[in-house]
Every structure is written in structure tokens, then in C-alpha cells.
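The next block holds one structure in the form of C-alpha cells; read it before the comments.
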């Protein structure tokens, strides 16, 4: 292995996909930090930080929630109807993305990672189900509420990563990122700040 010139080496960040990941525990022991994948149900993403913390404790390191990155499929529009049409359409970019992931996992008998309830039959895990449960989409206020609810489920984390999807309609894709940066994140950060001040 080529050794980095920089000491200490640049931060190493690993993607975490499965619930209760032993991989993130092992990564934490090496001082690496996690990114929770965007295609994991929130209740399973919530299992990642405890496993990361367990690995840090075993290595004598401090686990800091601000080091935890979480990825989500997000689409923000000027109104909820546009967001539904663009991000919840099985024939759209988000639909194709989740169809592709589901097809590959299903072929290997691994569709369970997408279920919010392990007792769900595999047949209930459809592209529509994934779009409904894994995509945060809507107008500004709706997306703010969804992100705060998501954070309530998984706990505090450091960085929200906005998953990229094909730009079927470039104008709407750009507008989503503008609204995310200019409207959604300021509102989310204000709400988090108010909550922290009240605690």
C-alpha cells in the first residue's frame, strides 16, 4: 500500500449500508468515520452511531456525533405537487435509481435491508414503497418537517449529504439544490438551534 505523505493521513470515511454494521465498528477502531447510506430505512440508520461509538470506545477514541455523515435522497420543489411528480414517479430518475438498487438486492436475496419491518413480505418491497419511505421530497416546509422528523428518528449527526440523481429536468434539479441551500437548511438549522437552546 502506498503511504500518504500527509501525517496524520487525510480523514478516511466509509459508507455504512446494513443495520448494526460490524464494518462501521471495525472502521471506528481505525479512526475512520461513517456515512450512512441513503437507501437505508431511518430506524436502521439509527443503529449506525451506536456501532461506531462501540468501535471508538474499544480503540480508546472519542465518538463524536458531528463526525457522522448521513446521506439522503432529497428533492425540493416550489410546491408539493411538482415534487411528487418528479421525485415519487417510478418512471423518473429517483424511480430508476431505486428500481436499479432493488433489482440487484432482490436478485441476491437481500431485499430485507430496505424494509422498515423485517416481517414485511419481500413482495411488499416495491419501487413505490422505496420512494415513499426513503425519498425526502416536497415543498420547502414539507422537506424541513421531514428532515427534522428523520433527525428525531436517528439522532443528532454532523453532515447531511444530498444524494445526486440524474437530472431528468435540469431546471427542477437545480431549483431543488437552490431551495435546499437557501431555504431548507437555514430553517432546519434554526429549528435545531431552538431545540438545543430549550434543552
Check every one of the helices (runs of 4 or more DSSP H) wholly within the stretch 24-115 and list those with 1 or more residues that are surrounded by fewer than 16 Cβ atoms within 10 Å (Cβ to Cβ) and touching a strand residue (DSSP E or B) at 6+ places or on another chain (Cβ under 8 Å). 80-87
The lone condition residue 156 fails out of (1) in contact (Cβ under 8 Å) with a residue 24 or more places away in the chain; (2) more than 18 Å from the chain's Cα centre (by Cα); (3) exposed (fewer than 14 other Cβ atoms within 10 Å of the Cβ) is (2)
Can you tell me how many residues in the stretch 163-179 are more than 19 Å from residue 80 (Cβ to Cβ) and in contact (Cβ under 8 Å) with a residue 40 or more places away in the chain? 3
Hey, among the residues in the stretch 111-125 that are within 19 Å of the chain's Cα centre (by Cα) and free of Cβ contacts under 8 Å to residues at least 40 places away in the same chain, which one's nearest to residue 46 (Cα to Cα)? 117
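Okay, residues lined up against (1) farther than 24 Å from residue 111 by Cβ; (2) in contact with a helix residue (DSSP H, G or I) (Cβ under 8 Å, 6 or more places away or on another chain); (3) not in a loop (DSSP other than H, G, I, E, B):
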residue: 123; (1), (2), (3): no, no, yes
residue: 130; (1), (2), (3): no, yes, yes
residue: 136; (1), (2), (3): no, yes, yes
residue: 144; (1), (2), (3): yes, yes, yes
residue: 149; (1), (2), (3): yes, no, yes
residue: 152; (1), (2), (3): yes, no, yes
residue: 160; (1), (2), (3): yes, yes, yes
If we scan the stretch 164-181, do we find a residue that is touching a strand residue (DSSP E or B) at 6+ places or on another chain (Cβ under 6 Å), outside any helix (DSSP H, G or I) and modelled with pLDDT of 95 or more? no
Give all pairs with beta carbons closer than 6 Å in which a residue from the stretch 128-148 that is on the phi < 0 side of the Ramachandran plot and modelled with pLDDT of 95 or more meets a residue that is in a helix (DSSP H, G or I) and surrounded by fewer than 16 Cβ atoms within 10 Å (Cβ to Cβ); count only pairs at least 6 apart in sequence or on separate chains. 139/80; 142/80; 148/191
Subset of the stretch 21-47 [touching a helix residue (DSSP H, G or I) at 6+ places or on another chain (Cβ under 6 Å) and either at positive phi or free of Cβ contacts under 8 Å to residues at least 60 places away in the same chain (or both)]: 21, 24, 25, 28, 29, 33, 34
Working only within the stretch 116-135, note down all residues that are surrounded by fewer than 19 Cβ atoms within 10 Å (Cβ to Cβ) and closer than 22 Å to residue 162 by Cα. 116, 128, 129, 132, 133
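The values are calculated or read from the model by the stated rules, or taken from the named source; none is laboratory data. Computed from a predicted model, the values in this text were never measured in an experiment. Because the Cβ atoms are built from the backbone with ideal geometry, glycine has one as well, and the counts that use them run over all protein chains shown.
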